[in-house]
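Working notes, beginning with the structure itself.
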């Protein structure tokens with residue numbers, strides 16, 4: 001019996017991955033409960049820079065938790081920020097002759113630098129353990145705290161990479177779990193802080209569930225909708241050749257602009273926090289503190305610009321017209337009435353340009369417009385901003401779930417074909 005179970009375990013594809021992902025989620029949740037012993041987050045100091053509840057909602061998209069300093073407080077934010085900067089560096093043509101090992105090392109050093117900057121800013125709004133101060137200087141304790149937080153972020157990156165190899169969802173599983181936990185806490189806090197009658201409570205739940213259902217439905221439609229370019233394949237029977245096409249999603253960037261946009265919006269509070277600890281009376285820094293938050297008009301404008309740039313950039317990154325046209329030429333595929341080569345590249349690029357713009361405006365509609373309405377109508381408190389962010393958060397969660405479902409379906413189909421072969 002044991003041998004049969006062992007053989008069945010080895011032949012299974014999905015169940016072992018589910019177990020590995022569950023273990024990684026439990027490790028992540030356990031790490032969030034491990035406090036850094038040298039420091040206590042001073043939320044009053046951090047509130048001078050940004051609303052701590054609002055910053056924590058934004059940070060949930062990166063797997064971070066800022067309501068208290070723990071082992072995984074930084075989350076995946078350093079890695080996500082480093083990936084954005086790294087893509088700009090590679091686009092400018094640097095490190096063309098570097099080996100893959102060298103490139104990986106450079107990326108890790110970049111992630112390390114960003115993690116230290118973020119931990120420096122976060123610890124500036126912290127008060128240190130007085131018992132520990134008897135035997136060490138505050139600067140030493142701060143450095144020690146920064147190193148612990150940076151190490152925790154790298155452990156989380158390793159967990160994400162391990163999940164990509166053994167489990168389901170890769171890095172995105174950590175973000176999905178953290179967003180789900182933050183969503184649960186926000187909903188619980190909202191209903192506990194507001195008094196509802198039985199009828200009012202049922203009506204509020206009905207409105208919330210209906211709105212969330214519509215957001216999920218919209219996400220599914222946008223995620224699965226694609227523009228299909230009919231192509232011809234040489235050597236394939238005509239009955240099957242008619243069904244051949246090149247698919248391009250109508251939102252080519254997916255939820256990546258929201259995730260990386262919120263990651264970038266987390267940098268200013270950390271940097272300004274660190275600078276204020278060094279230059280506490282600098283008028284320029286103080287002015288920036290009051291203007292660039294996501295609850296301010298200027299901050300919303302910056303966020304909208306970041307979303308638009310990221311939506312266009314990720315669309316072109318996901319659908320490189322040159323690589324697609326080159327692959328079609330090598331495989332003998334072609335588009336009716338379009339010459340292979342550069343003319344095919346220009347044709348595909350025109351379609352990608354159109355869909356990239358559509359996707360970018362959809363990102364602005366779902367991400368920036370709710371924030372702009374709340375802020376411009378002078379209702380930009382943390383609760384209203386959190387509700388506005390719920391639109392993009394629902395899109396992110398639904399997209400990540402759809403990605404995991406697609407991965408499971410792909411594994412199941414592969415298993416079926418393997419059995420046939």
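The values are calculated or read from the model by the stated rules, or taken from the named source; none is laboratory data. None of these values were measured; they are calculated from a predicted model. With ideal geometry, Cβ positions are generated from the backbone for all residues, glycine too; neighbour counts draw on all protein chains shown.
Checked against the criteria, residue 311 does not count as at pLDDT 85 or above, closer than 24 Å to residue 388 by Cβ and surrounded by fewer than 20 Cβ atoms within 10 Å (Cβ to Cβ).
When residue 232 is tested against (1) within 30 Å of residue 352 (Cβ to Cβ); (2) loosely packed, with under 15 Cβ neighbours inside 10 Å; (3) modelled with pLDDT of 80 or more, only condition (2) is not met. Test residue 300 against the stated conditions and say whether it is surrounded by 14 or more Cβ atoms within 10 Å (Cβ to Cβ), at pLDDT 80 or above and within 20 Å of residue 324 (Cα to Cα). Against the criterion (surrounded by 14 or more Cβ atoms within 10 Å (Cβ to Cβ), at pLDDT 80 or above and within 20 Å of residue 324 (Cα to Cα)), residue 300 does not qualify.
Which of the residues that make up segment 73-92 are within 13 Å of the chain's Cα centre (by Cα) and either outside the structural domain of residue 122 (by TED's automatic domain parsing) or outside any helix (DSSP H, G or I) (or both)? Full working, then the answer.
So the first thing to find is which residues in segment 73-92 are within 13 Å of the chain's Cα centre (by Cα), and the list is 75-84.
Answer for segment 73-92, where residues must be within 13 Å of the chain's Cα centre (by Cα) and either outside the structural domain of residue 122 (by TED's automatic domain parsing) or outside any helix (DSSP H, G or I) (or both): 75, 76.
For first residues located in segment 295-316 and more than 18 Å from residue 256 (Cβ to Cβ), partners that are assigned to a helix (DSSP H, G or I) and at pLDDT below 90 and lie 6+ apart or on another chain with Cβ distances below 6 Å form the pairs 295/385; 297/375; 300/371; 300/372; 300/375. All conditions but one from (1) without any contact (Cβ under 8 Å) to a residue 40 or more places away in the chain; (2) farther than 25 Å from residue 259 by Cβ; (3) part of a loop (DSSP other than H, G, I, E, B) apply to residue 336; the one that does not is (1). Going by the conditions given, is residue 240 outside the structural domain of residue 153 (by TED's automatic domain parsing) and either touching a helix residue (DSSP H, G or I) at 6+ places or on another chain (Cβ under 7 Å) or at pLDDT 80 or above (or both)? Judged against the criteria, residue 240 is not a match. Would you call residue 399 farther than 26 Å from residue 260 by Cβ, surrounded by 18 or more Cβ atoms within 10 Å (Cβ to Cβ) and at pLDDT 80 or above? Against the criterion (farther than 26 Å from residue 260 by Cβ, surrounded by 18 or more Cβ atoms within 10 Å (Cβ to Cβ) and at pLDDT 80 or above), residue 399 does not qualify.
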